[in-house]
Amino acid sequence: MIKLSNGDDAECLYVNGRLKKKAGYDEYTQWSGKLRGTDVIDLQVYNRCCGYAWGLDVIVDDHTVYHDWAGTVTSYGANNNDGSRENQIVHAVHFRLGSPPTPPPDDSGLSSQWCGKEPRIGGNSTSTKRVPRIKLVYAYPSDRPDRFQQYAQLIQSDVQAVSDKVRESSLGLKSLRFDTGTSCGRRYVNVARVRLSKPLKYWRSGCARGDRLYAAAAEVKRALARDRKRFPLGHAHPLENYAIYADGFFGGRCLEAGIAQRSQDPLPAWQNRANDGGYVAMVNGGGEDVPRSGPPDFAEGEPVWYRRDTLLHEIMHNLGAVLNNAPHATGLGHCTDGPDLMCYDDGNGSRSWQTYPCEDPSATLQLLDCNSDDYFDPYGTLRDWRGRRMWNTYDSVFMCYVRTCTRNLKPPHARVTVGARTVHVGSAVSVSASGSTAGASAITHYEWFLANERGRARPLRQLNDRPSAEIRLTKAGIARLAVRVTDAYGSYSVAWGAVRVVRASRAGMRQRQARAIGAR
Ligand SMILES: [Zn+2]
């Protein structure tokens, strides 16, 4: 059997020179037939422009004998093909079954072992600087020991496992992008270490209402902002969500494995609020009985897969799972068609009753969206219970094409021009980012921000997607404008412009008043 997967534009499978199967734009398909070792297999990926990915698997007697997935391309070509030409074959393989070629080595995956120097609070990631990412945090109460060294390895292996799970659930195409890069290289997670300001007792009270999620999130964000000094666009740059390993939060009356903020925006487009960043997921760790060393499994007594599924479950909430209008939604952020990472009886009466259409008696695997119909669909578009298109977490900016997840791809270069140096309060200034240039892939969208004198930026959502705009300025002082330019890989860069906003002079006002009176 030969599996084909294609992002853009077409992928053709030939056996002995005859076309056997074609995968068009955004198509996944397979071909089954008898193959002999002498048969010549050719695969060609054709790209008109701006493609993303392709994949090819050859499976013989249930064994994968050839695997060449998620090739990635730049704005015009792939594999360093001539970027100035359009309409070309961007990837081609030619082989006999007896001797399949070796696909290029993939060194972009995460290592199974953690390595790095003791991080500063914020850490200094090296490989995910200008891409949306999930920032890992180890946080501990003020009166507890810092067990970062003990848990760094566990966090690395959890992140590797959940990344693999997402990859396997997305036909090998995508995974989650975590903040990676330590002194050892880019295949290691960059974990911030935060000592919280309050003792264990505080964190063990009020746990049922989720207050402590917000309290801990606020502390972590403050600590990171302090350490990095510059957070020029709030959480929009660096664009990140947070996954916190909260040491000691589990125990006493606080018996939830994890908790997360969730976005409930159904908009099926990149402007979805879940793409704004700033969301927090938390995995709660135990440690009451062994205060010095902490439980070796962090979560105290839970199986390893359960802790990892908790991490991924909470992260998926951050990315927008499960919307209340999904076909099998409980209405409280979960689903009812399992076994599924996001499905369980969360106590919303009959809406939470569970069914098991995807049950596999041989495994206890929690699927990432059983039947791909509620929150994660690598095949295309999700529809709500009424049949309308809705947000698909597969399209989240925190997902990445697997070969790009730990890589610093060349980001676009943002440039901004401002139409005037000085304007009057209440008047508009024209701004343009059309001078920005593409990096490793084509520019896909523009977002505008307006910052006050203290540097607090707020997004100007109504201008989303426009390379140039008119911005009305209503406060006197220096207005700082920023544009974030993003490309097809999710890489971005930010450019700033400034304009002085002054009150109209008295003479000018009098003149205008006189004109207004004269006109009456
Ligand atoms: Zn949940």
_Filtered residue count, the range 308-328, keeping only those that are farther than 18 Å from Asn275 by Cα, open to solvent by less than 10 Å² (accessible area, probe 1.4 Å) and within 13 Å of the ligand (Cβ to nearest atom)_ = 1
*asked:* Whether any residue in the range 307-320 is more than 28 Å from Leu267 (Cβ to Cβ) and either in a loop (DSSP other than H, G, I, E, B) or out of contact with any Pro (no Cβ under 7 Å at 6 or more places or on another chain) (or both) is what I want to check.
replied: yes
*Name the one entry in Cys335, Cys254 that is within 13 Å of the ligand (Cβ to nearest atom) and either in contact with a strand residue (DSSP E or B) (Cβ under 6 Å, 6 or more places away or on another chain) or at pLDDT below 90 (or both).*
Cys335
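Residue-by-condition table, conditions (1) open to solvent by 30 Å² or more (accessible area, probe 1.4 Å); (2) among the acidic types (Asp, Glu):
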residue	(1), (2)
Glu219	no, yes
Asp227	yes, yes
His235	yes, no
Gly252	yes, no
Gly258	no, no
Gln264	yes, no
*If we scan the range 277-294, do we find a residue that is open to solvent by 10 Å² or more (accessible area, probe 1.4 Å), part of a loop (DSSP other than H, G, I, E, B) and within 15 Å of the ligand (Cβ to nearest atom)?*
yes
*Return the residue satisfying two criteria in turn: it lies in the range 456-487 and is outside any strand (DSSP E or B) and of a type in the set (D, E, K, R), and of such residues it is surrounded by the most Cβ atoms within 10 Å (Cβ to Cβ).*
Arg466
*Any idea which of Asp61, Asp42 is at pLDDT below 70 and farther than 21 Å from Ala488 by Cβ?*
Asp61
*Leading residue by the ranking (least open to solvent (accessible area, probe 1.4 Å)) among those in the range 180-195 that are within 21 Å of Arg226 (Cβ to Cβ) and of a type in the set (D, E, K, R)*: Arg193
*asked:* Please determine whether any residue of the range 432-443 is away from the ligand (no atom under 16 Å from the Cβ) and in the same structural domain as His328 (by TED's automatic domain parsing).
replied: no
*Being over 21 Å from Arg386 (Cβ atoms) and either in a loop (DSSP other than H, G, I, E, B) or away from the ligand (no atom under 13 Å from the Cβ) (or both) is the filter here, so list the residues in the range 338-348 that pass it.*
Gly338, Pro339, Leu341, Tyr344, Asp345, Asp346, Gly347
*Residues within the range 151-179 that are outside any helix (DSSP H, G or I) and either at pLDDT below 90 or more than 17 Å from the chain's Cα centre (by Cα) (or both), tallied*: 5
*Do we have Leu382 as within 13 Å of the ligand (Cβ to nearest atom), open to solvent by less than 60 Å² (accessible area, probe 1.4 Å) and touching a residue at least 60 places away in the same chain (Cβ under 8 Å) here?*
no
*Give me the pairs, please: first residue somewhere in the range 254-266 and over 14 Å from His317 (Cα atoms), second residue anywhere and open to solvent by less than 60 Å² (accessible area, probe 1.4 Å) and more than 11 Å from the ligand (Cβ to nearest atom), beta-carbon distance under 6 Å, and either six or more positions apart or on two chains.*
Cys254/Arg204; Cys254/Cys207
*Might you let me know whether the range 296-304 holds any residue that is part of a loop (DSSP other than H, G, I, E, B) and modelled with pLDDT of 90 or more?*
no
_Let me spell it out: the conditions are (1) of a type in the set (A, V, I, L, M, F, W, C); (2) part of a helix (DSSP H, G or I); (3) more than 17 Å from Lys135 (Cα to Cα), and Phe249 meets all of them except one. Which number is the exception?_
(2)
*Condition met for Ala442 (among the small types (Gly, Ala, Ser) and under 22 Å from Gly277 (Cβ atoms))*: no
*Among (1) outside any loop (DSSP other than H, G, I, E, B); (2) polar (S, T, N, Q); (3) at pLDDT 95 or above, where does Asn324 come up short?*
(1)
*When you look at Arg186, is it part of a helix (DSSP H, G or I) and either of a type outside the set (Ser, Thr, Tyr) or at pLDDT 90 or above (or both), yes or no?*
no
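The values are calculated or read from the model by the stated rules, or taken from the named source; none is laboratory data. The structure displayed is predicted, hence computed values, not measured ones. When we count neighbours, we look across all protein chains shown, and the Cβ atoms used for this are built from the backbone with ideal geometry, even at glycine. All accessible areas refer to the heavy atoms of the entire protein, side chains included, with ligands and DNA or RNA removed. Shrake-Rupley method; radii C 1.70, N 1.55, O 1.52, S 1.80 Å.
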